[in-house]
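Colleague: Before we start, here is the structure in question, set down as structure tokens.
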Amino acid sequence: SKGLDYSAFQLIDISEMPYRQAVVYRDNFVAPADFAEIINRFGRMYGDCAVLIEINDIGQQVGEMLYYDFEYENLLFTDNKGSRGKVITTGMRPTTDKGIRTTKTVKNIGCSMLKLLIEQQQLIIRDHHTIHELSTFSKKGAS
């Protein structure tokens, strides 16, 4: 990694409402193999929590490593259901991704859900960097 784009994850505690940000990780120099190992370690520390990887870029490699190398049992998969969009699944088929490919539609739904959770005070964000990023986050063109 050349320090350009960040590898990042958020660990959200959903054991009770409101949900709470429990762990924030971001590093723009971490290698994919090391990032997969870090996610594996934190996931196991938090009771083998569900992990959903964005697989647009190096995430695909990270998802593959979590599944094959670390045998992480609670990795979430997505399946493309055509006009019904993407669905989270546990079964592996040829059309199944080890994570989620972020498309315009997926991004819109995710952003709407995040906005709703925060406005309804159902998700407590405490990390100052996350708060700053969200405060400057906006629609740009079609994205």
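Colleague: Looking at the stretch 15-26 only, could you name the residues that are loosely packed, with under 13 Cβ neighbours inside 10 Å and not acidic (Asp, Glu)?
Modeller: Ser15, Met17
Colleague: Looking only at the stretch 24-47, count how many residues are of a type in the set (A, V, I, L, M) and without any contact (Cβ under 8 Å) to a residue 12 or more places away in the chain.
Modeller: So the count comes out to 1.
Colleague: Shifting gears a bit: So is Asp34 on the phi > 0 side of the Ramachandran plot and either in contact with a Ser or Thr (Cβ under 8 Å, 6 or more places away or on another chain) or at pLDDT 95 or above (or both) or not? Please lay out each step first, then the result.
Modeller: On the way: on the phi > 0 side of the Ramachandran plot: no; either in contact with a Ser or Thr (Cβ under 8 Å, 6 or more places away or on another chain) or at pLDDT 95 or above (or both): yes.
Judged against the criteria, Asp34 is not a match.
Colleague: Of all the residues that make up the stretch 32-73, how many are surrounded by 14 or more Cβ atoms within 10 Å (Cβ to Cβ), more than 15 Å from the chain's Cα centre (by Cα) and hydrophobic (A, V, I, L, M, F, W, C)?
Modeller: Within the stretch 32-73, residues that are surrounded by 14 or more Cβ atoms within 10 Å (Cβ to Cβ), more than 15 Å from the chain's Cα centre (by Cα) and hydrophobic (A, V, I, L, M, F, W, C) number 2.
Colleague: Got a number for residues in the stretch 7-16 being touching a strand residue (DSSP E or B) at 6+ places or on another chain (Cβ under 9 Å) and assigned to a loop (DSSP other than H, G, I, E, B)?
Modeller: Just the residues of the stretch 7-16 that are touching a strand residue (DSSP E or B) at 6+ places or on another chain (Cβ under 9 Å), to begin with: 7-14.
Checking which are assigned to a loop (DSSP other than H, G, I, E, B) leaves us with 14.
Number satisfying all stated conditions: 1.
Colleague: Would you mind stating whether Gln10 is buried (at least 16 other Cβ atoms within 10 Å of the Cβ) and within 16 Å of the chain's Cα centre (by Cα)?
Modeller: When the stated conditions are applied, Gln10 does not pass them.
Colleague: Could you count how many residues in the stretch 67-105 are in contact with an Asp or Glu (Cβ under 9 Å, 6 or more places away or on another chain) and on the phi < 0 side of the Ramachandran plot?
Modeller: The number of residues fulfilling the criteria is 22.
Colleague: Out of the stretch 74-120, which residues are under 20 Å from Lys140 (Cα atoms) and open to solvent by less than 70 Å² (accessible area, probe 1.4 Å)?
Modeller: Result: Thr102, Thr103, Val106, Gly110, Cys111, Leu114.
The values are calculated or read from the model by the stated rules, or taken from the named source; none is laboratory data. Being a predicted model, the structure only gives us computed values, none of them experimental. Counting neighbours? That spans all protein chains shown, and the Cβs are built from the backbone with ideal geometry, glycine included. These area figures cover heavy atoms from the full protein model, side chains too; ligands, DNA and RNA do not enter into them. Shrake-Rupley method; radii C 1.70, N 1.55, O 1.52, S 1.80 Å.
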